[in-house]
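Take a look at the structure set out below.
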Amino acid sequence: MDVLGLTDYATTLALVAVLILTFYLFGRRNFSYFKELGLSGPKPVSHLGNLVQIKKLGFNNVFKYWREIYGDVYGIYFGVVPNCIVSDPEFVQEVLVKRFSNFVN
């Protein structure tokens, strides 16, 4: 019986370890999106993205701060969802007006 009890404990421990590792790796895999595109941006926190920094610095101030550091175009994460931030009005006009036909729905 002790062997069976130990086996159940070891199996449960292994299952919990695998679940924690999967949860961590799933959260980290999405955070390579902007690196692959060559965009810079603030380092995200696993599963929270940049929400911690936004809460800490304030919604209005954080984007001004990041623009000074990372430039007019950079990437951030709301949770695990990547978002491209564009601060240059001319670039926004280029994308939304002149190249509007390139975007569907």
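A short reminder: the numbers here are calculations on the coordinates, not readings from a lab. Because the structure is predicted, anything quoted here is derived from the model rather than measured. All Cβ positions, glycine included, derive from the backbone under ideal geometry; neighbour counts span all protein chains shown.
Of note:
- Shown here for region 29-105: trypsin sites (Lys or Arg not before Pro) in loop regions (DSSP other than H, G, I, E, B) with at most 11 other Cβ atoms within 10 Å, namely 99.
- In range of the label at residue 78: residues from region 18-62 whose backbone nitrogen is under 12 Å from the point 7 Å along Cα→Cβ: 50-51
- Choice from 91, 31, 63 showing the highest fluctuation, given a GNM over the chain with Cα pairs closer than 10 Å: 91
- Among 48, 15, 25, residue whose mean-square fluctuation peaks in a GNM of the chain (springs only between Cα atoms under 10 Å): 15
- Neighbour counts of C-beta atoms inside 10 Å place 32, 101, 87 in the sequence 101, 32, 87, starting with the fewest.
- Using Cβ point charges alone (K and R +1, D and E -1), the dipole size of region 2-102 about the Cα centre works out to roughly 240 debye.
- Fluctuation leader among 79, 58, 49 - the chain, Gaussian network, Cα springs under 10 angstrom: 58
- Look at the dipole of the chain built from charges on Cβ: of 93, 54, 22, the Cα furthest out on the positive end belongs to 93.
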